[in-house]
Amino acid sequence: MHDLGILVPIVIFTVGPVSYALNNWIRVRHGYEPEAWKNRRQRRSDTSAEADRRVTILSGENERLTGRIGRLEERLAVLERIATDPAERTAREIEALR
């Protein structure tokens, strides 16, 4: 029974580090960067500039993709018109373009 007296402090001092290591292992396994949690206040001030840069990049990509979708919709409309129009009218329009 007197062995439990020494076991309690050992358990108390090992549970914390073991749970910390297990927590970090789970976070890393799911894709979180270990350095990202350490300095949260500093990271928040840095993320403002980083977020602005990412918004600018994503806005440019969004405009590019919107234009591309517009061009694809125009091409799709032409293909639908060709597929649904009578063959004679399509042939006349092709001859008019030559």
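The values are calculated or read from the model by the stated rules, or taken from the named source; none is laboratory data. Just so you know, these numbers come straight off a predicted model, no measurement behind them. Cβ: placed from backbone, ideal geometry, glycine included. Neighbour counts: every protein chain shown. For the accessible areas, the whole protein counts, side chains as well, though only heavy atoms, and no ligand, DNA or RNA atoms are used. Shrake-Rupley method; radii C 1.70, N 1.55, O 1.52, S 1.80 Å.
With a 1.4 Å probe and all protein chains kept in place, how do Glu74, Glu50 rank by accessible area, largest first?
Working: Glu74 125, Glu50 80 Å².
Largest to smallest exposure gives the sequence Glu74, Glu50.
Where Lys and Arg each count +1 and Asp and Glu each count -1, what net charge lies around Glu80 among other residues with Cβ under 12 Å from its Cβ?
Computed value for this residue: -1.
Any chance you could look up the accessible area of Val18 with a 1.4 Å probe, heavy atoms only, rounded to 10 Å²?
90
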